[in-house]
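One structure is given here, and the rest of the page talks about it.
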Amino acid sequence: MGVKQVLVANLQPLGCIPRIAQAENSSVCDKFDNTAAGYHNLLLKAAVDKLNLEAHKNDYQPFILLDLFDSFMYVFNFKGVPSGNITFENPLEACCLGVNQNYHCASVDKNGTKLYTLCDDPKSTFFWDGAHPSQRGWRSISLLLRDTLSKIHGISPKRN
């Protein structure tokens, strides 16, 4: 029986994660880190294309590329997914961040005092912390990847 298809995810724009963008001013992505992620993704796509060419059987592609980079950039550029009725005022800001660059979400001192801040409404942010999208952030990405995900044998994405 075996695996019939493999989903291969590329890198998201690393220069846009709050931990990196925060070093700038959290309203712009770091171009160097995004270029590095883009180069990695270019090499990854070439490798996936080669694998599909080698396994070519009646237009069937066993390897499907999940384009996180373009999906994330869409959300950042349009501040959400208008067709999915999801918006983010500043998608590069995180809900949970350390009080300064030396701390991260969930940091505490030796007395248990919080060394991080939380936003008032986690549903309003694309990122939960300095690196990870929130549930609503992933929801926006899943809406954009719906067509790619539907190519996987036996999976039909929900439309709502």
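The values are calculated or read from the model by the stated rules, or taken from the named source; none is laboratory data. Here the structure is a predicted model, which is why all the values come from computation and not from measurement. For neighbour counting, all protein chains shown are included, and Cβ atoms are generated from backbone atoms with ideal geometry for every residue, glycine included. To get the accessible areas, we keep the full protein, side chains included, count just its heavy atoms, and leave off ligands, DNA and RNA. Shrake-Rupley method; radii C 1.70, N 1.55, O 1.52, S 1.80 Å.
Collect the residues in segment 26-85 that are of a type in the set (A, V, I, L, M, F, W, C), in contact (Cβ under 8 Å) with a residue 40 or more places away in the chain and in a helix (DSSP H, G or I), keeping them in residue-number order.
48, 68, 69, 72, 73, 75, 76 - these are the residues of segment 26-85 that are of a type in the set (A, V, I, L, M, F, W, C), in contact (Cβ under 8 Å) with a residue 40 or more places away in the chain and in a helix (DSSP H, G or I).
Here's the yes/no breakdown for (1) farther than 20 Å from residue 11 by Cβ; (2) out of contact with any Ser or Thr (no Cβ under 6 Å at 6 or more places or on another chain):
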residue: 61; (1), (2): yes, yes
residue: 65; (1), (2): no, yes
residue: 83; (1), (2): yes, yes
residue: 95; (1), (2): yes, no
residue: 107; (1), (2): yes, yes
residue: 117; (1), (2): yes, yes
residue: 131; (1), (2): no, yes
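Got a sec? Which of 109, 120, 70 is open to solvent by 70 Å² or more (accessible area, probe 1.4 Å) and more than 21 Å from residue 141 (Cβ to Cβ)?
Values: 109 fails: open to solvent by 70 Å² or more (accessible area, probe 1.4 Å); 70 fails: more than 21 Å from residue 141 (Cβ to Cβ).
It is 120.
Scan segment 130-152 for residues that are open to solvent by 30 Å² or more (accessible area, probe 1.4 Å) and either aliphatic (A, V, I, L, M) or in contact with a His (Cβ under 7 Å, 6 or more places away or on another chain) (or both) and report the count.
3
Anything in segment 25-46 that is farther than 23 Å from residue 79 by Cβ and among the hydrophobic types (A, V, I, L, M, F, W, C)? List them, or say none.
32, 36, 42, 43, 44, 46
Among the residues of segment 113-160, write down those that are assigned to a loop (DSSP other than H, G, I, E, B), at pLDDT below 95 and among the small types (Gly, Ala, Ser).
If the condition is that a residue be assigned to a loop (DSSP other than H, G, I, E, B), at pLDDT below 95 and among the small types (Gly, Ala, Ser), then 130, 131, 154, 156 are the ones that fit.
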